[in-house]
Amino acid sequence: MAMAGDSRNRLPVGIPMSGAMRLELLEELLRRRDMDQAARSKLASAPPGRSKDAFVRVQQIDAENAAWLRNALKPGYWLGRTFVGEEGSHAAWLLAQHADRDPELQQHCLKLLAKAVAEGEASPGDLAFLTDRVLLASGQNQVYGTQLGVRDGYLVACRLRNPDTVDERRESVGLEKLETYLARARELFGTPSPARIICPNCLAEIETWLPELGGRSVVECASCHTVHTIRPCIRKT
Ligand SMILES: [Zn+2]
């Protein structure tokens, strides 16, 4: 913990906040991070045909976390290291990273996070991940290669701007080389398999390869024969 007189303990003007309030904020952030992670791991391990509830739960938690984050950022500052420590600031980033269904909030977070990083209040690596997420969601190419997609059954950094110099950009924000990152991700996730999504019309499961972030694909539900366009992360509702 920071001691009185420690420069890290100083609060920006205009945000009076006691140590107890900051601790409460930190605990809430970690609780929300843990719920996010638990719901996603439950979805990932749901048996085929049984993922509907887990899917709905992830969406529900993301929506609740986004609403909470929007409110917590009302003072106009990122939840930085001085407020909530390294772990708390990283947890806040996770909530922002998963607020895909609220692109306006995600862009707002990106601005606040960029300012916090410039002030030494947040991690440049976290900023790189959110930058890529927002770029892809708005139809542009990513810069740091943090967002992975599946191409020809293989995990790749999708829609990457200037791939030849990506490692220089990654190094500048403290990220490992892209090949190392990809190797780690492939080991962690194994051979990619088709995603199981829920038909919004009849709630049956549809097995399909997801398009890259910012891309689109068309799939027909085998149960109700509705044709859906899948566009990851740029949906507004
Ligand atoms: Zn259907």
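The values are calculated or read from the model by the stated rules, or taken from the named source; none is laboratory data. What you see is a predicted model; the values in this text were computed from it and never measured. Heads up, the Cβs are rebuilt from the backbone with ideal geometry, glycines too, and the neighbour counts pull from every protein chain shown.
Suppose the filter is outside the structural domain of GLN97 (by TED's automatic domain parsing) and in contact (Cβ under 8 Å) with a residue 12 or more places away in the chain; does ALA137 pass it?
On the way: outside the structural domain of GLN97 (by TED's automatic domain parsing): no; in contact (Cβ under 8 Å) with a residue 12 or more places away in the chain: yes.
No; evaluated as a whole, the condition is false for this residue.
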message: With the structure loaded, tell me whether ARG169 is farther than 25 Å from ALA66 by Cβ, part of a helix (DSSP H, G or I) and out of contact with any Lys or Arg (no Cβ under 8 Å at 6 or more places or on another chain) or whether it fails that test.
response: yes
field: Residue list for the range 167-207, restricted to those being within 16 Å of the ligand (Cβ to nearest atom) and at pLDDT 80 or above
entry: ILE197, ILE198, CYS199, PRO200, ASN201, CYS202, LEU203, ALA204, GLU205, ILE206, GLU207
message: Here is a list: LEU182, LEU155. Which entry is surrounded by 13 or more Cβ atoms within 10 Å (Cβ to Cβ) and out of contact with any Lys or Arg (no Cβ under 9 Å at 6 or more places or on another chain)?
response: LEU182
message: Could you tell me how many of the residues in the range 129-158 are under 18 Å from ALA195 (Cβ atoms) and in contact with an Asp or Glu (Cβ under 6 Å, 6 or more places away or on another chain)?
response: 3
- prompt: Is it the case that MET3 is at pLDDT below 95, assigned to a loop (DSSP other than H, G, I, E, B) and loosely packed, with under 13 Cβ neighbours inside 10 Å?
  reply: yes
